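What follows is one structure encoded as structure tokens, with my remarks underneath.
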Amino acid sequence: MSSELEFPISISKLPAPSETLILPISQPASVAVAQECGVIAFKNLQAGFRFKRWRKHGATVICKFSAQVEQECIATLNPVFSRVEESIERQFLPEHSSDYNMPEIVDGEMILDPEAADLPDIIVGDSINLWDILIEELILVINPFPRADSTEPKSEFLEKVQSNKAGEPTHRPFSDLKTLITEKKAINDVKSVYTLLGIESMKFQA
């Protein structure tokens, strides 16, 4: 991951609960996030974080973010613009923390209560990278199959399709199968004629 996407917060030294930390987002960072999320670009990407102590050693992280997203239409390759805006809350615990209650394991399977709260994220070391949280949540809310309102393909897309049609023979397996069936039917018809005429010495190759 790009060095632009590093903003660690110590889980043992959290900001005050009343404080909102605004993630500084430079242009290089915005470009790097777009690459991580598989989109063309983000515009007006903003993210704010608040922190609370969770249990004895953990932390609750509340993140509010918004952005304009530019993607490529899966059908036409035209640009697609959308807006995302979310507020999420997640819990984090240091690795090997005594606060972590391991779910019950029966016959080698972990038993999870669907009504229970989500399990906390386990972190290695003492810090949480805020960029990791933001990128993970962006990926979850971005439409993975964007489609433009217009269905008119871009000119270069049409040119590529037309070039493929003109320059390369198209293999049509069902058309080939139809030809094979027609040929075998013709051979069988000829065999029937020779049988009716009493000619049995003729050899045929199917």
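The values are calculated or read from the model by the stated rules, or taken from the named source; none is laboratory data. As the structure is a computational prediction, the values presented were derived from the model and not from experiment. Quick reminder, even Gly has a Cβ in these numbers, built from the backbone with ideal geometry, and neighbours come from all protein chains shown.
Tabulated data for the structure shown
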{"read-out": "Close pairs (8 angstrom Cβ cut-off, 6 or more residues apart or separate chains): over 29 Å from CYS73 (Cβ atoms) and touching a residue at least 60 places away in the same chain (Cβ under 8 Å) in region 118-146, small (Gly, Ala, Ser) and not in a loop (DSSP other than H, G, I, E, B) anywhere", "value": "PRO120/GLY58; ASP126/SER10; SER127/SER10; ILE128/ALA59; LEU130/ALA47"}
{"read-out": "Some residue of region 109-119 being surrounded by 11 or more Cβ atoms within 10 Å (Cβ to Cβ) and either basic (Lys, Arg) or in contact with a strand residue (DSSP E or B) (Cβ under 6 Å, 6 or more places away or on another chain) (or both)", "value": "no"}
{"read-out": "Verdict on LEU77 being in a loop (DSSP other than H, G, I, E, B), touching a helix residue (DSSP H, G or I) at 6+ places or on another chain (Cβ under 7 Å), modelled with pLDDT of 80 or more and not aromatic (Phe, Trp, Tyr)", "value": "yes"}
{"read-out": "Check on GLN71, surrounded by 17 or more Cβ atoms within 10 Å (Cβ to Cβ) and in a strand (DSSP E or B)", "value": "yes"}
{"read-out": "Given (1) touching a Lys or Arg at 6+ places or on another chain (Cβ under 8 Å); (2) over 20 Å from ILE139 (Cβ atoms); (3) surrounded by 15 or more Cβ atoms within 10 Å (Cβ to Cβ), index of the condition TRP54 fails", "value": "(1)"}
{"read-out": "Selected residue (only one of PHE65, PHE81 is under 30 Å from SER97 (Cα atoms) and not basic (Lys, Arg))", "value": "PHE65"}
{"read-out": "Sole residue being outside any helix (DSSP H, G or I) and in contact with a Phe, Trp or Tyr (Cβ under 6 Å, 6 or more places away or on another chain), chosen from ALA59, ALA16", "value": "ALA59"}
{"read-out": "Filtered residues of region 90-144 (kept if in a loop (DSSP other than H, G, I, E, B) and modelled with pLDDT of 95 or more)", "value": "ILE142, ASN143, PRO144"}
{"read-out": "Of all residues making up region 22-36, the number that are crowded, with 18+ Cβ neighbours inside 10 Å and touching a strand residue (DSSP E or B) at 6+ places or on another chain (Cβ under 9 Å)", "value": "4"}
{"read-out": "Selection from region 2-20 of residues that are free of Cβ contacts under 8 Å to residues at least 60 places away in the same chain and touching a strand residue (DSSP E or B) at 6+ places or on another chain (Cβ under 9 Å)", "value": "LEU14, PRO15, ALA16, PRO17, SER18, GLU19, THR20"}
{"read-out": "Breaking point among (1) surrounded by fewer than 14 Cβ atoms within 10 Å (Cβ to Cβ); (2) modelled with pLDDT of 95 or more; (3) within 25 Å of the chain's Cα centre (by Cα), for SER2", "value": "(2)"}
{"read-out": "LEU45 under 27 Å from ILE74 (Cβ atoms), out of contact with any His (no Cβ under 8 Å at 6 or more places or on another chain) and aliphatic (A, V, I, L, M)", "value": "yes"}
